[in-house]
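Note sheet for the following structure.
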Amino acid sequence: MKTLIINGETQPMEARTLAELLCQLDYDAAWLATAVNGEVVLRDARASFDLREGDRIEILSPMQGG
Amino acid sequence: MLDLYGTAVSSRLLLGTARYPSPAILADAVRASGAEIVTVSLRRETAGGKAGGAFFALIRDLGVRVLPNTAGCHSAKEAVTTARMARDLFGTNWIKLEVIGHHDTLQPDVFALVDAARTLCDDGFEVFPYTTDDLVVAERLLEAGCKVLMPWCAPIGSAAGPINPVALRAMRTHFPDVPLIVDAGLGRPSHAAAVMELGYDAVLLNTAVALAGDPVVMAKAFATAIDAGRKGFQAGLLSPRDMAEPSTPIIGRAVFS
């Protein structure tokens with residue numbers, strides 16, 4: 001178990017990788033963009049990206065914009 | 001046809017997708033406008049990817065090209081990171097680059113804008129920078145690798161219309177071969193016609209359509225005005241005169257006294 005900050009909220013999670021985290025959160029990964037600690041993690045790299053205690057994760061999706 | 005980074009576009013209206021009364025009205029407004037390019041954004045997902053997915057499915061069904069933005073970013077680093085996330089998600093090198101410098105006016109931070117534009121152009125992005133009408137900043141953006149410029153004509157969402165047409169005209173004159181798109185500040189179809197008459201290549205709109213009483217009709221009205229302004233520019237506009245000049249020939253008029 002590690003503590004992660006996901007979209008600004010602190011949560012205890014068991015995920016080892018970023019891909020596992022999205023799966024545990026039941027996110028539809030096809031519609032997401034991700035960054036960890038301010039650095040982009042491309043979709044192809046999520047499965048091999050190991051998460052560490054205290055990581056700050058941003059999970060973004062398409063939104064209306066001007 | 002308008003050439004934007006090698007892509008030929010026939011519609012000179014780029015439409016934002018925010019603030020419409022409903023997704024259905026957004027879709028109808030896009031269709032009515034004839035826009036081939038719409039802007040989209042990225043925000044924190046709160047519904048497990050379902051909310052963003054539903055929105056993007058709607059956009060995809062419209063068959064338009066997306067221009068992701070970096071709206072809300074206040075530093076070059078934020079904007080660059082957001083642009084890279086947008087490329088990963090939307091699969092396009094196009095990015096509408098916004099780096100906001102002032103909370104009230106939403107004026108771009110032109111220094112950070114140039115920095116971010118340089119980084120992104122070097123990284124293979126095709127950057128559409130939201131900028132001011134400052135000529136020196138425009139030069140720097142072109143030097144950074146931008147091939148399109150998007151000056152404001154008034155603050156975002158203000159509906160004020162072209163508040164400095166002299167500066168807009170100067171920009172057109174200084175950069176005759178660069179696609180120039182007025183982005184932000186338009187409130188009425190006549191505003192759009194006015195900037196197109198100045199020789200601008202296109203306009204990017206959102207609020208003026210989305211918050212209209214009838215967004216679908218307003219989208220059509222803007223499209224018509226943009227077309228009229230463009231044709232007027234191409235046809236050659238008369239310069240204003242201080243004194244009257246009769247339109248009916250003087251020669252051959254009757255003399256009664």
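The values are calculated or read from the model by the stated rules, or taken from the named source; none is laboratory data. Note that the structure is a prediction, hence the values are computed from the model and not measured. Methodologically, a virtual Cβ is constructed for each residue, glycine included, from the backbone with ideal geometry; neighbour enumeration extends over all protein chains shown. In case anyone asks, the SASA skips ligands and DNA or RNA and just uses the protein heavy atoms, side chains included. Shrake-Rupley method; radii C 1.70, N 1.55, O 1.52, S 1.80 Å.
Annotations
- Residue match in the stretch B:124-136 (condition: surrounded by fewer than 19 Cβ atoms within 10 Å (Cβ to Cβ) and either at pLDDT below 95 or in contact with a Lys or Arg (Cβ under 7 Å, 6 or more places away or on another chain) (or both)): no
Quick grid of which residues meet (1) over 18 Å from B:Leu97 (Cα atoms); (2) open to solvent by less than 10 Å² (accessible area, probe 1.4 Å); (3) of a type in the set (S, T, N, Q):
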{"site": "B:Gly145", "(1), (2), (3)": "no, no, no"}
{"site": "B:Cys153", "(1), (2), (3)": "no, yes, no"}
{"site": "B:Asn164", "(1), (2), (3)": "yes, no, yes"}
{"site": "B:His174", "(1), (2), (3)": "yes, no, no"}
{"site": "B:Asp201", "(1), (2), (3)": "yes, no, no"}
{"site": "B:Leu211", "(1), (2), (3)": "yes, no, no"}
{"site": "B:Val216", "(1), (2), (3)": "yes, no, no"}
{"site": "B:Ala221", "(1), (2), (3)": "yes, no, no"}
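- Test: residue in the stretch B:2-19 that is among the aromatic types (Phe, Trp, Tyr), at the interface with chain A (Cβ under 10 Å from one of its Cβ atoms) and in contact (Cβ under 8 Å) with a residue 12 or more places away in the chain: no
- The number of residues in the stretch A:1-23 that are more than 14 Å from chain B (Cβ to nearest Cβ) and open to solvent by less than 60 Å² (accessible area, probe 1.4 Å) comes to 6.
- When the criteria are applied in full, B:Arg169 meets the requirement of being of a type in the set (D, E, K, R), within 18 Å of the chain's Cα centre (by Cα), open to solvent by 90 Å² or more (accessible area, probe 1.4 Å) and farther than 21 Å from B:Gly34 by Cβ.
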